1. Has segment 315-337 got at least one residue that is buried (at least 16 other Cβ atoms within 10 Å of the Cβ), within 16 Å of the ligand (Cβ to nearest atom), modelled with pLDDT under 95 and more than 21 Å from V121 (Cα to Cα)?
2. Based on this model, can you work out whether V229 counts as β-branched (V, I, T) and at pLDDT 95 or above?
3. Got a number for residues in segment 22-69 being within 16 Å of the ligand (Cβ to nearest atom) and not aliphatic (A, V, I, L, M)?
4. So for segment 40-63 (the condition being on the phi > 0 side of the Ramachandran plot, buried (at least 16 other Cβ atoms within 10 Å of the Cβ) and touching a residue at least 24 places away in the same chain (Cβ under 8 Å)), does at least one residue qualify?
5. Exactly one of these conditions fails for R135: (1) surrounded by 19 or more Cβ atoms within 10 Å (Cβ to Cβ); (2) touching a Phe, Trp or Tyr at 6+ places or on another chain (Cβ under 8 Å). Give me its number.
6. On the given criteria, is A281 hydrophobic (A, V, I, L, M, F, W, C), at pLDDT below 95 and more than 30 Å from D198 (Cα to Cα)?
7. Residues that are under 17 Å from I42 (Cα atoms): which helices (runs of 4 or more DSSP H) entirely in segment 131-231 hold 2 or more of them?
8. Output the residues belonging to segment 194-242 that are within 11 Å of the ligand (Cβ to nearest atom), over 19 Å from D324 (Cα atoms) and surrounded by 18 or more Cβ atoms within 10 Å (Cβ to Cβ).
Amino acid sequence: MGDRQILTLYRDRPLVLESGDSLSPVDVAWESWGPAHPEGTILVLHALTGDAHAASHHPGDRPGWWEPMVGPGKPFDTRRWQVICMNVLGGVAGSTGPASLAPDGRPYGERFPVVTVGDMVTVQAQALDALGIGRLHLVTGGSLGGMQALEWAWRFPERVDRVAAVAAQDRLSAMGIGLNAAQREAVRLGLASDRPHDGLKVARMVAMLSYRSAAHYDARFARELQPGVSFEAPLDPRFQIESYLLYQGTKLAGRFDAWSYVVLSRAMDLFDLWRGREEQATPAAIHLASISDDWLFPPAEVSRLAARLRRLGMTVTCRTIQSDLGHDAFLTDLPPLKRWLGRVAESYAAPRSDSWSWPAQRTGDS
Ligand code: COA
């Protein structure tokens with residue numbers, strides 16, 4: 001955790017959330033790559049169970065969740081841009097979340113308020129204010145990270161030049177909300193029986209099914225059996241896919257917090273880019289990439305969003321990246337995705353008349 005830094009915000013003035021609840025103080029864990037650079041800053045935002053560690057910082061360091069994308073010579077080339085990644089509000093990796101201590105010295109737990117993607121982005125903007133970073137060359141991320149990137153462009157239009165949202169949309173479908181609901185119910189049952197890890201494990205198993213395509217699982221596991229499993233015990237994991245899902249569930253349960261999972265998945269459900277801003281354009285160039293076999297954010301729906309933005313007169317590109325992995329492909333070393341992200345980072349952004357001047361429009365002192 002040596003390269004992780006913590007900013008403490010909202011000490012004197014609480015963060016007022018969209019729900020009307022408030023939090024004070026608020027910690028934000030962040031990491032950065034490359035020095036402050038005249039070509040600008042790239043803000044990278046993570047998905048549901050990610051953290052600020054998008055990439056390693058030195059040889060031998062733990063690889064980050066977007067290791068192929070961040071570093072010298074990579075799409076987000078740290079010789080050209082400073083890259084910053086922050087753990088979301090409500091997360092478990094250094095930013096204030098349900099596992100953090102409340103002012104009364106006890107963990108917030110179920111007392112932690114509902115947070116929205118808008119709240120997450122507001123806190124990120126406040127953190128960038130504190131770091132002296134105004135305008136952003138690019139805001140990017142996948143899944144929940146892509147939703148945050150889109151929200152940035154509308155919430156702080158004067159600060160964002162480009163957005164690259166991967167495997168993400170303006171709102172989650174009924175299927176997506178339903179899958180999250182099933183996961184939260186598993187977590188709730190785990191908490192109710194004082195076995196939060198078990199609840200999280202089942203939630204992750206369901207989630208892993210939605211993160212990959214049927215074709216991927218078929219090609220990888222087919223109907224392969226586990227060696228030495230008794231056919232008399234119906235609850236024993238018999239197939240390789242069962243063992244894989246149990247492994248993934250147990251692994252997440254060992255590193256994540258049950259209430260944080262609930263809070264973040266609810267934030268994803270609640271996200272609706274258009275709430276309160278129906279048919280409102282924003283000046284940033286919006287670049288959307290879908291994954292061909294992603295059934296959480298299907299390419300047709302991402303194209304629909306692109307068409308809607310174009311109708312508003314916005315600069316939009318939309319690309320489908322071929323991968324039978326499904327949603328999770330955005331986390332892999334996928335050459336077409338790397339090329340696409342690199343092109344977006346280098347893309348032309350029309351000069352803006354609304355020149356944003358630091359520090360005239362700070363989000364407010366913390
Ligand atoms: N039984 C038990 N375990 C198995 C198994 C089986 N039949 N088959 C594979 N495994 C284990 C492997 O031993 C390996 O363990 P390790 O992680 O301890 O090394 C692990 O499963 C491999 O996991 P997998 O996810 O299949 O790796 P991958 O290379 O296919 O996927 C990533 C790469 C980057 C997508 C994946 O590592 C990742 O980060 N997933 C995160 C999912 C996520 O959060 N998505 C966000 C969506 S919003």
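The values are calculated or read from the model by the stated rules, or taken from the named source; none is laboratory data. Here the structure is a predicted model, which is why all the values come from computation and not from measurement. As a convention, Cβ positions derive from the backbone with ideal geometry for all residues, glycine included, and neighbour counts pool all protein chains shown.
1. Among the residues of segment 315-337, not one is buried (at least 16 other Cβ atoms within 10 Å of the Cβ), within 16 Å of the ligand (Cβ to nearest atom), modelled with pLDDT under 95 and more than 21 Å from V121 (Cα to Cα), which makes the answer no.
2. Working: β-branched (V, I, T): yes; at pLDDT 95 or above: no.
So V229 does not fit the description; no.
3. Filtering segment 22-69 down to residues within 16 Å of the ligand (Cβ to nearest atom) leaves 44-56, 62-69.
Next cut, not aliphatic (A, V, I, L, M) only: 46, 49-51, 53, 56, 62-68.
Here the count works out to 13.
4. Yes - at least one qualifying residue is present in segment 40-63.
5. If we test R135 against (1) surrounded by 19 or more Cβ atoms within 10 Å (Cβ to Cβ); (2) touching a Phe, Trp or Tyr at 6+ places or on another chain (Cβ under 8 Å), just (1) comes out false.
6. Details: hydrophobic (A, V, I, L, M, F, W, C): yes; at pLDDT below 95: no; more than 30 Å from D198 (Cα to Cα): yes.
In short, no.
7. Working: elements: 144-155, 174-192, 196-211, 214-221.
Ranges flagged: 144-155.
8. Of all residues in segment 194-242, those within 11 Å of the ligand (Cβ to nearest atom) come to 204, 207-208, 210-212, 216-217, 220-221, 224-227, 237, 239-242.
Next, from what is left, pick out any that are over 19 Å from D324 (Cα atoms): 204, 224-227, 237, 239-240, 242.
Result: R204, single match.
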